[in-house]
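Below: one structure, written as structure tokens.
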Amino acid sequence: MLLQVDHLTLKFGGLVANNDVSMRVEEGKITGLIGPNGAGKTTFFNSISGVYKPTSGTITFLGKRIDGLQPYQINQMGMSRTYQVINLFRKMTVVENVMVGMHPHMKQGFFASAFKTKAERREEKECYERAYDLLDFVGLKHRAFEEAGSLSYGQQRHLEIVRGLASDPKLILLDEPAAGMNSKEKEELKALLGRIIDRGVSILIIEHDMKLMMGVADYLYVLNYGKLLAEGTASEVQSNPEVIKAYLGGDE
């Protein structure tokens, strides 16, 4: 078990954003988190990635408790994430954006960077080479020295995922990676998710595109009003009357 969340509750004053949510994420799997708008999905991501500290409950990653740790500490342990809104450094080059994701694991400090020591130059060269490999992984190597803002929307989404992979995670959290994509870009994303799994990185994904989720997720959890409504395989969730009611607002 890669990630284990038990009875997680997060309150903002009188508002209960997540209410007694439990989840398991297995290694080598794509685990999906779905639910209507406002169900608490991104809030849940924020809790397990260290942005918020849960009011109660436990979060265990790679066998260690992480609830209460800072985001950079969780990232260093092997968990990375993307966000709903594309958050690239648009004026920096594509390869520089990837290298930003490597920063938490770089060993050379301020002194080495300021004086360009031999060790710092060697580490920078290694980072460049790894960044190129990652860009080649998503077909963006030929755009390495262009500004990130010059990429198409779908390419920017892929670049953000690559930046998440740059820290060499065991688990990557993807928050609506297909948002705004056309059908062709979604098919490319679907293929990329498969390659990420083949690379040895497990995935926990939030997505509103049900066709995509039903096609890629090994197991699904459904949130509604901050509570866990259902869980199961794609076919089990798809035929669950409570899930249908939550999405369509009526009986099956």
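The values are calculated or read from the model by the stated rules, or taken from the named source; none is laboratory data. It should be emphasised that the depicted structure is a prediction, and the values quoted were computed from it without experimental measurement. No Cβ is skipped: glycine too gets one built from the backbone with ideal geometry, and neighbour counts run over all protein chains shown. For accessibility, only protein heavy atoms count, side chains too; no ligands or nucleic acids. Shrake-Rupley method; radii C 1.70, N 1.55, O 1.52, S 1.80 Å.
Things to note:
- Residue under evaluation GLY215, criteria (1) more than 25 Å from PHE61 (Cβ to Cβ); (2) at pLDDT 95 or above, criterion not met: (2)
- Cβ-Cβ distances below 7 Å connect the following pairs, each with a first residue in the stretch 51-78 that is over 21 Å from ALA17 (Cα atoms), a second residue that is open to solvent by 70 Å² or more (accessible area, probe 1.4 Å) and at pLDDT 95 or above, and a separation of six or more residues or different chains: LEU62/LYS170; MET77/LEU62; GLY78/LEU62; GLY78/LYS170.
- Any hit, the stretch 4-13, residues being assigned to a strand (DSSP E or B), charged (D, E, K, R) and loosely packed, with under 13 Cβ neighbours inside 10 Å: no
- Restricting attention to the stretch 205-243, the residues that are surrounded by fewer than 16 Cβ atoms within 10 Å (Cβ to Cβ) and assigned to a helix (DSSP H, G or I) add up to 8.
- GLN108 more than 24 Å from VAL201 (Cα to Cα) and modelled with pLDDT under 90: yes
- Residue in the stretch 162-173 that is more than 13 Å from the chain's Cα centre (by Cα) and open to solvent by less than 60 Å² (accessible area, probe 1.4 Å) present: no
- Filtering the stretch 70-90 to residues that are open to solvent by 60 Å² or more (accessible area, probe 1.4 Å), of a type in the set (Ser, Thr, Tyr) and outside any loop (DSSP other than H, G, I, E, B) leaves only TYR72.
- Extreme residue, surrounded by the most Cβ atoms within 10 Å (Cβ to Cβ), among residues of the stretch 50-69 that are of a type outside the set (Val, Ile, Thr) and over 18 Å from LYS170 (Cβ atoms): PRO54
- Test: residue in the stretch 188-195 that is farther than 20 Å from LEU33 by Cα and open to solvent by less than 60 Å² (accessible area, probe 1.4 Å): no
- Scanning the stretch 20-43 for residues that are open to solvent by less than 60 Å² (accessible area, probe 1.4 Å), over 16 Å from the mean Cα position of the chain (by Cα) and modelled with pLDDT under 95 yields GLY35, PRO36, ALA39.
- Among residues that are touching a helix residue (DSSP H, G or I) at 6+ places or on another chain (Cβ under 7 Å) and either at negative phi or at pLDDT 95 or above (or both), ALA131 is included.
- Scanning the stretch 188-204 for residues that are part of a helix (DSSP H, G or I) and either in contact with a helix residue (DSSP H, G or I) (Cβ under 9 Å, 6 or more places away or on another chain) or of a type in the set (Val, Ile, Thr) (or both) gives GLU188, LEU189, LYS190, LEU192, LEU193, GLY194, ARG195, ILE196, ILE197.
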